[in-house]
Amino acid sequence: MLSHPPHVLLVNPWIHDFAAYDFWAKPYGLLRLGAILRHHGVRVSYIDCLDRFHPGMPAADPRARHGRGPYLKTPISKPAGLADIRRTYSRYGILPEWLRADLQALPSAPDLILVTSGMTYWYPGLFETIALLKAHWPGTPLVLGGIYARLCADHARGHSGADRVVTDDGRSLFDLLRRYTGFEIDAPPDMADLDALPYPAFDLQHRIGYIPVLTVHGCPFDCAYCASRFLAPAVRRRSPEAVIAEIAYWQDRHGVSDVVFYDDALLVDAPHHAAPMLEGIVRSGRRLFFHTPNAVHIREIDGETARLMFRAGFHTLRLGLETTAFEKRGNLDHKVTASEFHRAVGHLKSAGFEAGRIGAYLLVGLPGQSVASVVHSIEVVKAVGITPVLAHYTPIPHTRLWCEAVAHSRYDLAADPIYCNNAIFPCQREDFSWQTLSRLKQLIQA
C-alpha cells in the first residue's frame, strides 16, 4: 500500500488506419476520469499520442483555432487481413521516439496506467501503444477502457496486453485505484450525477484550442447503426446552468471560444434542456462558436430553436439525416420524415444560417445499399440548398444492424474487428469502389 497519493498516467493511443483526420476529437471520457482523480488528491499525468501540438511538431497548424487538421502520418505495414487493399496504411500521431522521451520525462514512474480506446478497428495502434508502455514499465499495472474495450471486450482481453479490460463508463475507477495502488478515496462522487463531476482535465493538453462539452449522456433513440443505446442505456442530462458555468469557466480561464457538443441528443426535449441553456448563453453576451460533429436531431428543430441556435453562435451545424429514402428507413431509425427535414431546413435558413454552414450526414456503404440510393440522397439534400456530408458506415457489434452487416460483408466481421474499417466499405462488394466514391464527391461539389 502506498504511503503517498499515487501517480496515474492517462494515455490516448495511436491510430493505425488508411485515413484519419482530427475532426474535433478529444478523449473526453479519459480526461474526465483524470479530473476526478486529481480532484481527490491523485497525481495525474497525460500523454496524447495523437497530439497535433506536441513540442516535437515542426510548425503549428494554422487551423488550430477550429480544432481540425491532419495528424502526423507515418506509413507502416498493413495488417495481414487487409493486405489486398491498395492504399497506404499509416500510424497517425506522434513519433515513437517522442513518446519514449515523454515517458522518460515524467517526474516519476506511474503507479497505474489508464489507456483509452476509440474505433474498434483502430486496435492495432492501441496494441502498439500498450506494447511500448509495457516495455518501458513492465511492472506497472495497465488498465484498458474506452469504446473498443467495451464493444469488443473478449478480443481486447485476449489480445491487447492490458492487465485489465473494463467495460463500464468509469464507475469502477475507485475500485481499480484501490486494487492496484492501495489508495482509498473517501466519499467518491456519484458517477451518475453529471453535474457533480469536475470538468474534464483539458488543461493537461499542450494546447487548448477548443473544448468539447457533453450535456446529455445517452440517446433516447435506438438507431440500427449506432451503439449509443448499448454504451449508455440510460439518458442522463446535466442542468443548463451547469453547462453554462462550464463554458464560462473555459472561456474566462483559458480564452476558449470554440465549443464542440459531443451530445447524441442535444436538442431532444429542447424546451427543458437546450432552450434554457442557449437562452442563458445569449443573455451572457459571450462571443462563442458552437460545433455539432455528432449531429443534431432534425425533428427537434422548430423556428424558436433555430433562432436560439443562431443567436447563441452555432457555427458548424450538422444534421443527422443519414438517408432520404424516408419511406424505407424504418429498419434504420425513426428520427425524421421528409416533411420534417424540409421544415427544419426552412427554419434554419429563416433564422439566418447560411447554406454553407449547414451539412446533412448521409450514410454510405450500408448493407445492401445501392449507389443510386446515395446519389438520390445527395440530390435531395442539394435541392434544399445545404451541403451533403458523406459518412462511411462502420459495422458495430451490439447494434441492431450488426447481423445484417455480417451477412452482407465480404469479410468475416465477427472474427476480427480489423474488418470493420469503414475505409474499405466492408459491407459492399463492387459498388463502392474508390472510383465510385470519387464520383459521389464530385456530384456533391457540382
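Under a 10 Å cutoff between Cα atoms, tell me which one of 417, 426, 271 has the largest fluctuation in the Gaussian network model of the chain.
Between 417, 426, 271, it is 271 that shows the largest mean-square fluctuation.
If I take all pairs of Cα atoms in the chain, what percentage of them are more than 35 Å from each other?
Roughly 31 percent, once rounded to a whole number.
Counting only protein heavy atoms and using a 1.4 Å probe, what share of the accessible area of the chain belongs to carbon plus sulfur, as a whole percent?
52 percent
Using helices alone, what [θ] at 222 nm do you get for the chain, with -39,500 (n - 2.57) per DSSP H run of 4 or more residues, divided over all residues and rounded to the nearest 500?
That comes out to -9500 deg cm²/dmol.
Give me the net charge for the shell around residue 100: Cβ to Cβ below 14 angstrom, other residues only, Lys and Arg +1, Asp and Glu -1.
Net charge around residue 100: -2.
I need the P(r) histogram for region 329-446: all alpha carbon pairs, bin width 5 Å from 0 out to the longest distance, whole percents.
With 5 Å bins starting at 0, P(r) equals 2, 11, 19, 20, 16, 15, 10, 5, 2, 0.
Compute the Rg to Rh ratio over region 180-329 from the alpha carbon atoms, using the Kirkwood formula for Rh, and round to two decimal places.
Result: Rg/Rh = 1.00.
Please give me the summed charge of the neighbours of residue 80: other residues whose Cβ is under 14 Å from its Cβ, Lys and Arg +1, Asp and Glu -1.
The answer is -2.
For the chain, set up a GNM with springs between Cα atoms under 10 Å and report which of 240, 138, 367 has the largest fluctuation.
138
Evaluate the relative contact order of region 296-446 (contact order divided by residue number), counting alpha-carbon pairs under 8 angstrom at least 6 apart; express in whole percent.
So the answer I get is 22 percent.
So which trypsin sites (Lys or Arg not before Pro) in region 202-257 pass both tests, a DSSP loop state and at most 15 other Cβ atoms within 10 Å of the Cβ?
Sparse-neighbourhood loop trypsin sites (Lys or Arg not before Pro): 207.
Which residues' amide hydrogens lie under 5 Å from the amide hydrogen of residue 321, considering only partners 5 or more residues apart or on another chain, with H built in the peptide plane?
Here the answer is 361, since their amide H atoms fall under 5 Å of that of residue 321.
Going by average Cβ neighbours within 10 Å, how do the peptides 287-297, 350-360, 5-15 rank, with the highest at the top?
5-15, 287-297, 350-360
What are the radius of gyration and Dmax of region 131-223, computed over its Cα atoms and given in Å?
Taking only Cα atoms of region 131-223, I get Rg and Dmax of 16.0, 44 Å.
In square angstrom, what is the accessible area per residue of the chain with a 1.4 angstrom probe?
42 Å²
Which of rounded, prolate, oblate describes region 257-394, given a ≥ b ≥ c as roots of the alpha-carbon gyration tensor eigenvalues and a/c under 1.5 marking rounded, otherwise prolate only if a/b is larger than b/c?
prolate
Please list, ordered by chain and number, the residues whose modelled amide H lies under 5 Å from the amide H of residue 392; skip anything fewer than 5 residues away on the same chain.
364
Among the listed pairs 78/328; 78/335; 73/382; 73/441, give every one whose C-alpha distance is greater than 29 Å.
In this structure, 78/328; 78/335; 73/382 exceed 29 Å between Cα atoms.
The values are calculated or read from the model by the stated rules, or taken from the named source; none is laboratory data. These numbers were taken from a predicted model, which means no experiment stands behind them. Cβ coordinates were reconstructed from backbone atoms using ideal geometry, including for glycine residues, and neighbour counts include every protein chain displayed. All accessible areas refer to the heavy atoms of the entire protein, side chains included, with ligands and DNA or RNA removed. Shrake-Rupley method; radii C 1.70, N 1.55, O 1.52, S 1.80 Å.
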